[in-house]
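Chemist: Dropping the structure in here first, questions after.
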Amino acid sequence: METANAALARPERFRVTGGARLVGDVRVTGAKNSVLKLMAAALLAPGVTTLSEVPDILDVSIMSELLRRLGCEVERDREAATLVITVPEKIHHRADYDLVRRMRASIAVLGPLLARTGEADVALPGGDAIGSRPLDFHIAGLLKLGATIENEHGFIVAKAKRLTGATIWLDFPSVGATENLLMAAVLADGRTEIDNAAREPEIVDLCQMLQSMGAQIEGAGTSTLIIHGVEGLRPVSHSTVSDRIVAGTWAMAATMTLGDVTVHNADASHLEIALDKLVTAGATVDRTGDGFRVMMDRRPTAVDAVTLPYPGFPTDLLPMSLALNAVATGTSMVTENVYESRFSFVNELARLGADIRTDGHHAVVRGRPLLSGAPVTTPDIRAGAGLVIAGLVAEGETVVSEIHHIDRGYPKFDEQLCALGAVVVREDDPQVTFD
């Protein structure tokens with residue numbers, strides 16, 4: 001886990017020079033929100049699983065170390081964007097806090113460990129500061145599958161000699177709960193039905209990998225998943241679905257900077273509402289053979305946005321939407337319906353001169369022609385990307401600290417921005433000390 005340790009040991013920041021117009025081509029790799037769950041799914045089958053289109057991000061390093069501690073061998077080829085996971089016949093069942101606290105997606109090992117070993121000790125997770133994301137849905141579903149679950153010394157301790165199929169209703173279409181219950185159910189006895197399941201493309205990607213492994217799953221991409229448990233699964237090779245959030249970030253950045261950017265290895269159908277918002281703002285969006293092209297020749301028009309579970313407007317693109325509206329003509333209202341603390345970074349955006357007023361889960365944004373560079377701090381992955389892009393349309397320099405958050409979700413973000421014409425410098429972030 002050299003990359004993860006290095007990022008934590010040597011704080012870095014971005015120095016962003018405003019005024020750049022993004023022009024050129026950029027390629028998106030596999031989705032962060034999928035690859036981490038695919039890595040967890042590999043635990044379900046002894047043998048060698050190979051994942052391709054693996055993004056070069058910090059979270060993959062953290063999850064790789066977690067799998068190693070569970071007894072797996074993990075080999076990563078960053079240049080080829082592949083990951084080879086060798087899973088032994090017997091795996092450990094404890095996921096320690098020092099890793100889980102760095103990345104909430106670590107909770108995805110709960111279902112596979114319980115299904116494979118009959119027990120799982122997983123530390124209560126940490127992750128981004130975007131609001132409480134309780135594990136109630138995960139726990140309630142696993143209880144219905146026959147598990148016993150206790151909270152002991154900061155760990156979720158789950159046990160089940162053999163999981164049994166059940167009908168599970170999710171009060172909210174939680175992505176994490178859907179994934180955990182899906183991975184637990186594929187090795188359970190009998191039939192499991194998950195109603196009000198999440199429908200995100202990353203869920204479909206996980207279903208496709210599990211089906212290749214021999215799982216029997218119906219309804220991928222719909223709100224009802226039906227799983228017929230099987231005795232065992234086999235390892236496979238699988239290509240990770242492209243990252244729609246990274247692709248959407250590039251689309252927003254092209255619009256804000258009056259740019260012309262072609263995004264490759266992206267599925268425009270996964271971003272229909274977000275891209276339609278950009279068209280409303282004045283951009284031209286054309287689908288290409290392997291992605292889409294976004295062109296903008298005037299200051300954007302303000303557009304309202306309301307985040308909802310897929311296929312609604314993605315909550316992960318809300319920071320970019322706020323940044324876009326901050327430099328748009330007119331006034332917009334942006335509503336967050338998924339994470340109650342998603343607006344926590346608004347004060348940082350306001351430091352750049354954005355005129356934003358929040359009230360509960362609503363934000364009113366009054367656009368202005370130009371922002372003003374200032375030092376800002378990144379609170380989470382998507383807010384960090386939004387602040388960097390806001391810096392591109394700010395006068396002067398914007399210094400963005402705590403960029404290890406951005407590195408968790410955006411592969412070589414600074415290098416890709418520079419290739420499109422931006423001026424972004426990665427540098428050490430001096431520690432503040434007091435005598």
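Chemist: Starting from residues that are among the charged types (D, E, K, R) and not in a loop (DSSP other than H, G, I, E, B), keep the ones in the range 412-425 and report whichever is farthest from the chain's Cα centre (by Cα).
Modeler: Per the criteria, the residue is Glu415.
Chemist: Looking at (1) more than 28 Å from Pro55 (Cβ to Cβ); (2) of a type in the set (S, T, N, Q); (3) touching a Gly at 6+ places or on another chain (Cβ under 9 Å); (4) at pLDDT below 95, which one does Ser372 not meet, given that it meets all the others?
Modeler: With (1) more than 28 Å from Pro55 (Cβ to Cβ); (2) of a type in the set (S, T, N, Q); (3) touching a Gly at 6+ places or on another chain (Cβ under 9 Å); (4) at pLDDT below 95 applied to Ser372, the lone miss is (4).
Chemist: State which residue pairs qualify: first residue among the basic types (Lys, Arg) and inside the range 391-414, second residue in a loop (DSSP other than H, G, I, E, B) in any location, beta carbons under 8 Å apart, and separation of 6 or more residues or different chains.
Modeler: As it stands, the answer is Arg408/Ile57; Arg408/Met103; Lys412/Asp56, since those pairs meet every condition given.
Chemist: Residues that are at pLDDT 95 or above and touching a strand residue (DSSP E or B) at 6+ places or on another chain (Cβ under 8 Å): find the helices (runs of 4 or more DSSP H) completely inside the range 35-122 holding 1 or more of those.
Modeler: 58-69, 110-117
Chemist: Further, regarding this structure: Just for the range 30-66: of the residues that are within 18 Å of Tyr97 (Cα to Cα), hydrophobic (A, V, I, L, M, F, W, C) and touching a residue at least 40 places away in the same chain (Cβ under 8 Å), which one is surrounded by the fewest Cβ atoms within 10 Å (Cβ to Cβ)?
Modeler: Taking the candidates together, the pick is Ile62.
Chemist: Answer yes if at least one residue in the range 198-210 is assigned by TED's automatic domain parsing to the domain that holds Leu66, touching a strand residue (DSSP E or B) at 6+ places or on another chain (Cβ under 8 Å), assigned to a strand (DSSP E or B) and surrounded by fewer than 22 Cβ atoms within 10 Å (Cβ to Cβ), and no otherwise.
Modeler: No.
Chemist: While we're looking at this one, here's another question. Among the residues that make up the range 271-290, is at least one of them surrounded by 16 or more Cβ atoms within 10 Å (Cβ to Cβ), within 23 Å of the chain's Cα centre (by Cα) and touching a residue at least 60 places away in the same chain (Cβ under 8 Å)?
Modeler: No, the range 271-290 contains no residue that is surrounded by 16 or more Cβ atoms within 10 Å (Cβ to Cβ), within 23 Å of the chain's Cα centre (by Cα) and touching a residue at least 60 places away in the same chain (Cβ under 8 Å).
Chemist: Based on what the data block shows, is Arg234 modelled with pLDDT of 95 or more and either in contact with a His (Cβ under 7 Å, 6 or more places away or on another chain) or in the same structural domain as Tyr339 (by TED's automatic domain parsing) (or both)?
Modeler: It is false that Arg234 is modelled with pLDDT of 95 or more and either in contact with a His (Cβ under 7 Å, 6 or more places away or on another chain) or in the same structural domain as Tyr339 (by TED's automatic domain parsing) (or both).
Chemist: Taking the stated definitions as given, is Val236 touching a residue at least 60 places away in the same chain (Cβ under 8 Å) and within 30 Å of Val23 (Cα to Cα)?
Modeler: no
Chemist: Check the range 186-196 and report whether any residue there is touching a residue at least 12 places away in the same chain (Cβ under 8 Å), within 30 Å of Arg382 (Cα to Cα) and in a strand (DSSP E or B).
Modeler: yes
The values are calculated or read from the model by the stated rules, or taken from the named source; none is laboratory data. In this text the structure is predicted, and so the values were computed from the model without any measurement. Cβ sites come from the backbone with ideal geometry, for glycine too, and all protein chains shown count toward neighbours.
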